[in-house]
Amino acid sequence: MKGLWTFVRTCGAALGLLALLVSASCGGKSETSASKDPQEIALIRMEPGDGESSVPRNRVVRMIFNVPVLPQSVHDQSIIIRSGGTFQTRPEGTFLINGNQRISTGIRRAPAISGRYTYGFKGVLGGDFEYHRIALDFEHKIKLGLLGVSNYKISGGKVFNPLPYPLLEVHIGNETIFYTTAAYNLMDFFEFVSDTYAGIRYQHNFEGFILNRIPLLRKLKWRLVGNANVLWGKVSQNNKDLIPFYDLSGNPIQTFQSLGERPYVELGYGLENIFKIVRIDFFHRLTYLEQPNVRPFGVKISFQLIL
């Protein structure tokens, strides 16, 4: 059954790729209006590829952003063909073995390490960009006894070739009311982009270390949590040179921003185990407050079941 399912997924991906190539070859060139900038502009469209699959994986992506290119090389669509691989090592920690039982002590002496490498093909199946991209993550959970539990994740990566900014590292923002560990909760969508970056996310669950010492709150069984998210990043000059200054109608446009010498920093604190499932976090953004429409403070809600 596993082999049959792999065969079906492979056939589906092949048919999807064939349909995409046929549509790309049959589609005519779109007309673009004149730009006030002497550089010509290519229109790139973005559509999802075949989604997540087993490693190594292949994906065909189209993008919809304006990219200045050299004269006589303007085209209406660009195709990105990329393939990559992922590795992960996750130490299981220390266990107590008693006959047929294996009980985890919860102590993980080494962090879980994962890495990703992506290569973009140029000239293969119409691919327009050749690039190398790597990313590395360290994730660790530390139990501190009565002080609670700490979790931290250190991430870093680099894109080695000049690319349109949608193919760089677009840091995930969060403009919703919901809290997530996958995003920077007071950063806007598409606010910052980097080709070289490093960040750390830290969360500490105090368990009952503080609130259990307050009689009323002890009966409620609320738990205190703390967060800190820090991000460093930059964009090389070669990538900055690809930023368009006008849209297809010739109007000035505001593109992405890159981080400078200062890191992006947000700190948070909150309460979990409210009614057994509710968690509320309060975040403060400490840097890049001079940006327009910045949210220096925000309240986020999430739901989790704590047994």
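Taking segment 199-307 as the region of interest, the strands (runs of 3 or more DSSP E) fully inside it that hold 3 or more residues being at pLDDT 90 or above, among the charged types (D, E, K, R) and surrounded by 16 or more Cβ atoms within 10 Å (Cβ to Cβ) are 278-285.
The single condition among (1) modelled with pLDDT under 95; (2) not in a loop (DSSP other than H, G, I, E, B) that ASN161 does not satisfy is (2).
Each row is one residue, and each column tells you yes or no for (1) among the aromatic types (Phe, Trp, Tyr); (2) in contact with a helix residue (DSSP H, G or I) (Cβ under 7 Å, 6 or more places away or on another chain); (3) exposed (fewer than 11 other Cβ atoms within 10 Å of the Cβ); (4) at pLDDT 75 or above.
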{"site": "ARG90", "(1), (2), (3), (4)": "no, no, no, no"}
{"site": "GLY115", "(1), (2), (3), (4)": "no, no, no, yes"}
{"site": "GLY123", "(1), (2), (3), (4)": "no, no, yes, yes"}
{"site": "GLY127", "(1), (2), (3), (4)": "no, no, no, yes"}
{"site": "LEU136", "(1), (2), (3), (4)": "no, no, no, yes"}
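For segment 260-286, enumerate the residues that are of a type in the set (Ser, Thr, Tyr) and either more than 14 Å from ASN185 (Cβ to Cβ) or more than 21 Å from the chain's Cα centre (by Cα) (or both). Listed by number, the list holds a single entry, TYR269.
Select from segment 143-158 the residues that are closer than 24 Å to TRP232 by Cα and either in contact (Cβ under 8 Å) with a residue 60 or more places away in the chain or out of contact with any Leu (no Cβ under 8 Å at 6 or more places or on another chain) (or both) and write down the one among them that is surrounded by the most Cβ atoms within 10 Å (Cβ to Cβ). In this case the residue turns out to be LYS153. With respect to the conditions (1) more than 30 Å from GLY208 (Cα to Cα); (2) within 20 Å of the chain's Cα centre (by Cα), ASN227 lacks only one, and its number is (1). When LEU271 is tested against the conditions (1) among the hydrophobic types (A, V, I, L, M, F, W, C); (2) within 18 Å of GLU175 (Cα to Cα); (3) in contact with a Lys or Arg (Cβ under 9 Å, 6 or more places away or on another chain), the lone failure is (2).
Tally the residues that are in a strand (DSSP E or B), surrounded by 14 or more Cβ atoms within 10 Å (Cβ to Cβ) and touching a residue at least 40 places away in the same chain (Cβ under 8 Å), restricting the search to segment 164-179. The total comes to 2. Considering LEU271, LEU248, LEU259, the condition of being under 23 Å from ALA135 (Cα atoms) and touching a residue at least 24 places away in the same chain (Cβ under 8 Å) is satisfied by LEU259 alone. Here segment 180-196 is the region considered, the condition is being over 11 Å from the mean Cα position of the chain (by Cα) and under 23 Å from VAL225 (Cα atoms), and the residue that is surrounded by the fewest Cβ atoms within 10 Å (Cβ to Cβ) is THR180. Is it fair to say VAL299 is farther than 27 Å from GLU139 by Cβ and among the aliphatic types (A, V, I, L, M)? Considered against the rule, which asks whether it is farther than 27 Å from GLU139 by Cβ and among the aliphatic types (A, V, I, L, M), VAL299 comes out as no.
The values are calculated or read from the model by the stated rules, or taken from the named source; none is laboratory data. Note that this is a predicted model, so its numbers are computed, not measured. Ideal geometry is used to build each Cβ from the backbone, glycine not excepted, and the neighbour counts take in all protein chains shown.
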